[in-house]
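These notes concern the structure reproduced below.
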Amino acid sequence: MEKWVEIRRGGDFNKIAKEFGISPIVARVLRNRDLVDAEEINAFLSPRVDRFYSPFMLPGIDRVIFVLLNKISEKKKIRIIGDYDVDGISSTYIFFKGLKYFGADVDYVIPHRIEDGYGINNKLIKAAYDEGIDTILTCDNGIAAKDQTDYAKELGMTMVITDHHEVPYTEENGERKYILPNADALTDPKVNDSTYPFPGICGAFVAYKVIEAMAIDKGIEREDSFITLKEELTEFAALATVCDVMELKSENRSLVCEGAKLMEHTKNTGLKALIKVTKMEARALTPYHFGFVLGPCLNASGRLDTSLRALSLFLEEDFNEAIKKAEDLQNLNEERKSQTLKATEEAFKIIDAMNKPDKVLVVYLPDCHESLAGIVAGRVRERYDHPAFVVTKTEKGLKGSGRSIDAYDMFEGLNEVKEYLTKFGGHKLAAGISLEEKDLDAFRKALNDNCKLKDEDFFETVKIDMELPFEFATLSLARELEVLKPFGVGNEKPMFAVSSATIISGMKIGKNKNVGKYKVMDEAGKVYEVIYFGDLSELEKYVESIYDEDTAKLLHSGQRVKVVLGMCYQLEINSYMGNDSVQIQLKNYR
């Protein structure tokens, strides 16, 4: 079920519209994105890299660059230890290229998702020590590595930690006690005493800022060679920002805008090959392409094999070899899709067979590849609007991944039942767990016994920018809304609604007849064309439930019908044969 909520941020929309040369409708959307003063609105409408916050505002960064520059001058061996997702891969690449630029003796290791798990561990530290590494530099991990840092220090190694995750803590008498690793240098925008203006940046953006700070410290930030390097690193930081689901606000918005433009003409051979293989050439790249086309190919390497394959692609200088490597990643992603579909269908069957689903769904899929558990949990959450864990069987016990809804803090929920877990971590909307098989049922029961969610919490919330009659849904407005791009998390595409409209005819179109095209009449009797890319059979079932079977059958017959619905919609610009027209896309109905 759905709960429609109209966002109602107050403001003088006419004044904002006049000041910035936009319509009052666009002005209202800007206020709905929590933009208040003129400076914020101006920065949003004109995103630029010179709007990035100074890297020296990151807590501890002075010490980080001091240690790194000293180690480089002393010709000490540095090893980067990253992570196996897009953010970790990009962070590792940024540091490797950046430190090489400064003349460092540097190499890298990315933990294996299954053999090593997330982040740095003692095995990786001991291997580095045995190979004569002096300094370990983490990226996109390390803030929770207190014990591992202590171990490295016992071996006489230097530890430099760069991360963007939350700092672990314990609670004593209702007060949080934060647990920081005793590193030689550490920067993370989320440490509890941080004054960084926008802590919601990814690990790759932190790495980017460290390299930038090193250049500023050495007075070479304006040299042509560094500017060229910085442009390439911008592309990878932007890719990671989208793929790590960071909010497209503040400097993240400027980063992604700039990175997308640069990537269309990227000089990185591997990235160019991946863009070609995925048929993204000659396109205006958007966060959608980052998150749903390029990113999954990179993530597939870490899920089904090793992320070193993705990093190898970005370091490849021969285009023909890069094409082969990009094709391999694309094939891995197709295999990942196939396995995910099979596991998802199995999860749905298990839940549908339950008499009454739990508030927090825990689905045991012993044969599911552990690296796919999070994706499947996300699909379960989307379908049932419940927090969901998918648990798999591994050689070392059970492992699972969870995805949550807005009303449920998954990390806090796990903290309440941690006695059943051997390991857990995450945040409000996503988490990972490890546990013994014998504790699975007790974990499921305790998790639900402690859950305080109410029935209304399970309704999907559809946020509407404003009620807007179809007569205002013009090509002119659609073009105006383009200034709000790129859309993504934290800057969702504007959603409008009409409380009542009448479908007077409809038909199925497209190669697979899976798109609905309707003539819709408003209350004034004017007719508009509406497109729907959603589940047509579900729409027919809904029409049958509020009308009857005959009406449902007529809905896509092309014949006259009368179906009155409330509609949420978005606007797109449809370009064909050099002509533009507005396309009203139905997104939700009731």
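The values are calculated or read from the model by the stated rules, or taken from the named source; none is laboratory data. All values reported here derive from a predicted model rather than from experimental measurement. No Cβ is skipped: glycine too gets one built from the backbone with ideal geometry, and neighbour counts run over all protein chains shown.
Some observations on this one:
- In region 473-590, counting only helices (runs of 4 or more DSSP H) that sit wholly within it, the ones holding 2 or more residues that are among the acidic types (Asp, Glu) and surrounded by 12 or more Cβ atoms within 10 Å (Cβ to Cβ) span 536-546.
- Annotation for region 119-127: at least one member residue is of a type outside the set (Val, Ile, Thr), in contact (Cβ under 8 Å) with a residue 40 or more places away in the chain and more than 25 Å from ASN268 (Cβ to Cβ).
- Picking from residues in region 194-227 that are part of a helix (DSSP H, G or I) and within 23 Å of PRO287 (Cα to Cα), the one that is farthest from the chain's Cα centre (by Cα) is LYS209.
- When the helices (runs of 4 or more DSSP H) confined to region 1-70 are screened for residues that are under 25 Å from the mean Cα position of the chain (by Cα) and of a type outside the set (D, E, K, R), those reaching at least 2 such residues are found at 24-32, 38-45.
- Test: residue in region 176-185 that is farther than 25 Å from ILE94 by Cβ, at pLDDT below 95, out of contact with any strand residue (DSSP E or B) (no Cβ under 7 Å at 6 or more places or on another chain) and assigned to a strand (DSSP E or B): no
- Residue count for region 546-575, restricted to those that are within 18 Å of TYR528 (Cβ to Cβ) and of a type outside the set (Asp, Glu): 17
- Close contacts from region 301-322, counting a first residue that is farther than 13 Å from LEU271 by Cα and a second that is part of a helix (DSSP H, G or I) and β-branched (Val, Ile, Thr), with Cβ to Cβ under 6 Å and a gap of 6+ residues or different chains, come to SER307/ILE89.
- Top-ranked residue in region 294-318 [being in a loop (DSSP other than H, G, I, E, B) and touching a Leu at 6+ places or on another chain (Cβ under 8 Å); ranked as surrounded by the most Cβ atoms within 10 Å (Cβ to Cβ)]: SER307
- Condition met for THR149 (closer than 17 Å to ILE78 by Cα, of a type in the set (S, T, N, Q) and touching a strand residue (DSSP E or B) at 6+ places or on another chain (Cβ under 6 Å)): yes
- Among residues of region 242-268 that are without any contact (Cβ under 8 Å) to a residue 40 or more places away in the chain, those with a Cβ under 6 angstrom from a residue that is in a loop (DSSP other than H, G, I, E, B) and not polar (S, T, N, Q), sequence gap 6+ or separate chain, pair up as MET263/LEU285; GLU264/LEU285.
- The set of residues in region 352-374 that are among the polar types (S, T, N, Q) and in contact with a helix residue (DSSP H, G or I) (Cβ under 7 Å, 6 or more places away or on another chain) contains only SER371.
- From THR92, THR138, residue being out of contact with any helix residue (DSSP H, G or I) (no Cβ under 7 Å at 6 or more places or on another chain), within 14 Å of THR162 (Cα to Cα) and among the hydroxyl-bearing types (Ser, Thr, Tyr): THR138
- A residue that is touching a residue at least 60 places away in the same chain (Cβ under 8 Å), of a type in the set (A, V, I, L, M, F, W, C) and either out of contact with any Cys (no Cβ under 8 Å at 6 or more places or on another chain) or buried (at least 24 other Cβ atoms within 10 Å of the Cβ) (or both) occurs nowhere in region 218-225.
- Residue that is farthest from LYS218 (Cα to Cα) [pool: residues in region 17-35 that are surrounded by fewer than 16 Cβ atoms within 10 Å (Cβ to Cβ) and touching a residue at least 12 places away in the same chain (Cβ under 8 Å)]: GLU19
- Residue satisfying all of: in region 407-432; within 26 Å of THR461 (Cβ to Cβ) and of a type in the set (A, V, I, L, M); surrounded by the fewest Cβ atoms within 10 Å (Cβ to Cβ) among these: ALA407
- Of all residues in region 8-64, those being in the same structural domain as VAL167 (by TED's automatic domain parsing), charged (D, E, K, R) and out of contact with any helix residue (DSSP H, G or I) (no Cβ under 8 Å at 6 or more places or on another chain) number 1.
So that you can scan it fast, the table gives a plain yes or no per residue for (1) touching a Lys or Arg at 6+ places or on another chain (Cβ under 7 Å); (2) modelled with pLDDT under 95; (3) assigned to a helix (DSSP H, G or I); (4) over 30 Å from PHE389 (Cβ atoms):
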residue	(1), (2), (3), (4)
ARG253	no, no, yes, yes
MET280	no, yes, no, yes
PHE292	no, yes, yes, no
ASN320	no, no, yes, yes
LEU329	yes, no, yes, no
ASN355	no, yes, no, no
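- Tally of residues being closer than 29 Å to TYR384 by Cβ and among the aromatic types (Phe, Trp, Tyr) across region 1-32: 1
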